[in-house]
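All remarks here apply to the structure that follows.
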Amino acid sequence: MIQAVGASAGIAIGKCFVLPNWEWELPEQRIDVADFAREFERVYEGIRTSKQEIQLIKAELEEVVGAEESNIFDAHLAILDDPVFMNEIQGIIQRQYKGAEAAVKEAIDHFVTMFDLLDDDYMKGRAMDIKDVGNRLLKHLLGAPEITLPQDTQPFILIARELSPSQAAHLNPKHVLGIVTLGGSVTSHSAIMARALGIPLIVGVEGKLETPIQTGDMVVMDGGEGKLFVDPDEETIRFYSDLQRKQAEAKGELSRIAGVKPETPDGKVLNLRANISSFKELEIALESGAQGVGLFRTEFLYMDRNRFPKEEEQFEVYKSVAEKLNGEPLTIRTLDIGGDKHLDYFELPEEDNPFLGYRAIRISLERTDLFKTQLRAILRASRYGKVKIMYPLVSSVDEVRSANAVLAQAKRELQEEGIPFDEQIKIGIMIEVPAAVMIADLLAQEVDFFSIGTNDLVQFTLAVDRMNESISHLYEPYHPSIVRMLKTTVEAAKRNGTTVGVCGELAGDPKALPIWLGLDVDEISMSSHSILQVKERLLRTSQHGSRKLVPQLLDCRTASEMIAALAEFKDEIDELPKR
């Protein structure tokens with residue numbers, strides 16, 4: 001068994017197709033000065049052809065995975081339009097008297113090496129984009145055929161050194177059972193697309209294979225756990241075949257409760273909402289019975305493109321989601337970039353601790369032009385549904401008041417322009433830092449609702465970067481300090497008439513459900529694939545029993561004690577008080 005990194009959940013069993021490396025023999029002859037203009041024109045023509053091809057791929061992909069996911073090719077088009085990329089190629093031709101093909105290859109290698117040296121998964125993903133674009137340009141300069149996947153064979157598991165977004169764009173889930181790459185990361189464009197297509201993916205296998213995988217080899221892969229079996233024995237195949245069947249059956253069984261009201265046996269209704277970043281994810285959420293969207297991550301509208309989205313572009317997306325929800329709430333989080341989320345066209349400062357640095361609401365309050373554009377788009381969309389605005393990473397009352405001042409300005413502008421919007425739109429904040437917890441009573445007087453962002457709250461409370469492999473084991477959502485912070489926040493909200501919800505990974509963990517019932521939160525928001533599992537637990541767990549459990553949890557001294565208390569919790573539904 002090979003342990004790698006799971007990037008897209010699911011089990012796949014089948015024979016492999018190994019994708020050859022996209023490499024060609026390049027002419028190395030020197031050219032004369034008189035040939036410069038001809039080589040420049042060849043590069044320009046290759047760029048024009050590559051752009052046309054990418055635009056065609058983007059259009060085809062949009063029909064399969066939606067507009068948001070297909071927008072990753074805007075980054076590829078931006079590279080081809082980037083004067084720095086072109087200047088590097090021209091400089092190599094002029095300085096080294098190399099032909100167009102050799103100059104393009106050297107430019108690719110230069111930029112890829114530069115990005116690969118950065119200790120940042122996002123920037124490493126951009127190196128893959130440059131390689132993909134450069135290889136496409138090389139293909140046209142050389143007149144080489146594009147490597148394609150077999151379309152007339154039995155479904156296969158794709159093995160590749162790296163999978164470029166261009167190659168991923170042509171994947172057909174009916175043919176590709178799963179994907180294994182030697183390199184790559186969970187944040188790469190290819191991983192995003194695999195998840196959107198529902199194809200299991202394992203990355204980071206390089207250095208862990210004793211012998212190379214060959215086309216035709218039998219493979220079993222678990223994209224959730226990152227486990228890979230090459231030439232597995234019959235027992236392994238049987239085990240994972242049974243697991244695959246059970247997962248499919250369990251998913252089918254759970255789907256039956258998608259339309260059931262999310263209510264405990266003793267009458268507590270806990271709204272189960274979805275975290276989404278695209279329209280495609282919304283459709284999956286609604287199929288799972290989500291009662292609206294508790295977190296719309298708008299930063300994905302800003303990523304993988306060459307400029308900030310205009311007001312009209314944002315408005316159309318927010319409007320479409322609001323209309324699709326048909327009256328269910330839509331909570332839109334304002335731009336949350338920085339930390340591990342970057343924009344190719346917006347340079348952030350180099351920081352020793354980017355998660356504690358220039359990010360989220362801090363950027364919005366400095367770049368009020370960008371902030372107001374987004375707020376105007378959200379306000380305009382608010383007439384089409386039950387839209388709410390949420391500010392991320394708030395740590396002070398001043399930040400809330402400053403954000404609301406920009407919002408008030410946006411409202412005045414729309415009123416003057418005669419553009420309608422919801423005058424009573426609800427405003428909320430994310431509780432993600434300990435400072436916000438400690439002044440939750442003060443913040444509750446400034447806003448209509450809280451959403452506790454458990455991912456960052458755990459990270460900041462425990463001073464643990466969960467992306468740091470050396471200390472990620474210290475990231476513990478069930479640390480005794482966390483449940484105490486949750487209690488403090490919820491009680492402050494309730495005293496001030498502020499509704500309170502929870503989002504993040506902890507919200508989607510069925511094991512944690514008694515905490516939310518016991519604290520009496522109003523809603524929880526989670527990934528779409530978690531909704532039915534949480535609802536199944538909710539339908540058989542009482543608020544009465546959960547309230548009795550909370551004092552026991554507050555007495556726990558360690559995370560293991562708390563996890564054990566939650567595991568041992570037996571809800572005595574028969575002893576419920578009469579409703």
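The values are calculated or read from the model by the stated rules, or taken from the named source; none is laboratory data. Quick caveat: nothing in here was measured; it's all calculated off a predicted structure. No Cβ is skipped: glycine too gets one built from the backbone with ideal geometry, and neighbour counts run over all protein chains shown.
Scan segment 448-480 for residues that are among the hydrophobic types (A, V, I, L, M, F, W, C) and buried (at least 16 other Cβ atoms within 10 Å of the Cβ) and report the count.
The number of residues fulfilling the criteria is 8.
Restricting the search to segment 333-368, which residues are buried (at least 17 other Cβ atoms within 10 Å of the Cβ), closer than 19 Å to Asn275 by Cα and not aliphatic (A, V, I, L, M)?
Arg333, Thr334, Asp336, Lys341
Under the condition of being in contact with a Leu (Cβ under 9 Å, 6 or more places away or on another chain) and not in a loop (DSSP other than H, G, I, E, B), which residue from segment 331-345 is modelled with the lowest pLDDT?
The qualifying residue modelled with the lowest pLDDT is Gly338.
Which one of these is in the same structural domain as Glu283 (by TED's automatic domain parsing), modelled with pLDDT of 95 or more and either on the phi > 0 side of the Ramachandran plot or crowded, with 21+ Cβ neighbours inside 10 Å (or both): Ala564, Ala507, Ala492?
The match here is Ala492.
Exactly one of (1) at pLDDT 95 or above; (2) under 15 Å from Ile563 (Cβ atoms); (3) surrounded by fewer than 20 Cβ atoms within 10 Å (Cβ to Cβ) is unmet by Val483. Its number?
All conditions pass for Val483, except number (3).
Taking the criterion of being at pLDDT 90 or above, within 22 Å of Leu506 (Cβ to Cβ) and among the basic types (Lys, Arg), would at least one residue in segment 244-261 satisfy it?
Looking for residues that are at pLDDT 90 or above, within 22 Å of Leu506 (Cβ to Cβ) and among the basic types (Lys, Arg), one finds none in segment 244-261, hence no.
Which residue pairs have Cβ atoms under 7 Å apart, sit 6 or more places apart or on different chains, and have a first residue in segment 228-245 that is surrounded by fewer than 14 Cβ atoms within 10 Å (Cβ to Cβ) and a second that is assigned to a loop (DSSP other than H, G, I, E, B)?
Asp231/Asp217
Can you list the helices (runs of 4 or more DSSP H) found entirely within segment 475-562 that contain at least 3 residues being closer than 21 Å to Leu254 by Cβ and under 29 Å from the mean Cα position of the chain (by Cα)?
The qualifying helices (runs of 4 or more DSSP H) are 513-519, 531-538.
Yes or no: segment 59-75 includes at least one residue that is at pLDDT 80 or above, in a loop (DSSP other than H, G, I, E, B) and of a type in the set (D, E, K, R).
Checked segment 59-75: no residue is at pLDDT 80 or above, in a loop (DSSP other than H, G, I, E, B) and of a type in the set (D, E, K, R).
Residues are listed down the side, and each one gets a yes or a no for (1) under 16 Å from Ser396 (Cβ atoms); (2) without any contact (Cβ under 8 Å) to a residue 40 or more places away in the chain; (3) among the β-branched types (Val, Ile, Thr):
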| residue | (1), (2), (3) |
| --- | --- |
| Leu407 | no, yes, no |
| Leu414 | no, yes, no |
| Ile425 | no, no, yes |
| Leu442 | yes, no, no |
| Glu446 | yes, no, no |
| Gln459 | no, no, no |
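Would you check which residues across segment 212-236 are part of a strand (DSSP E or B) and either touching a Ser or Thr at 6+ places or on another chain (Cβ under 8 Å) or of a type in the set (A, V, I, L, M, F, W, C) (or both) and list them?
Scanning segment 212-236 gives Met218, Val219, Val220, Met221, Leu228, Phe229, Val230.
Which of the residues that make up segment 423-436 are among the aliphatic types (A, V, I, L, M) and surrounded by fewer than 23 Cβ atoms within 10 Å (Cβ to Cβ)?
The answer is Ile425, Ile427, Val433, Ala435.
Taking the conditions exactly as written (modelled with pLDDT of 90 or more, surrounded by 15 or more Cβ atoms within 10 Å (Cβ to Cβ) and of a type in the set (A, V, I, L, M, F, W, C)), does Ile54 satisfy them or not?
no
Would you mention how many residues in segment 246-269 are assigned to a helix (DSSP H, G or I), out of contact with any strand residue (DSSP E or B) (no Cβ under 9 Å at 6 or more places or on another chain) and either surrounded by 13 or more Cβ atoms within 10 Å (Cβ to Cβ) or not aliphatic (A, V, I, L, M) (or both)?
8
Here are some residues: Leu330, Leu295, Leu301, Leu272. Which one is without any contact (Cβ under 8 Å) to a residue 60 or more places away in the chain, assigned by TED's automatic domain parsing to the domain that holds Lys426 and crowded, with 19+ Cβ neighbours inside 10 Å?
Result: Leu330 is the single residue among Leu330, Leu295, Leu301, Leu272 that is without any contact (Cβ under 8 Å) to a residue 60 or more places away in the chain, assigned by TED's automatic domain parsing to the domain that holds Lys426 and crowded, with 19+ Cβ neighbours inside 10 Å.
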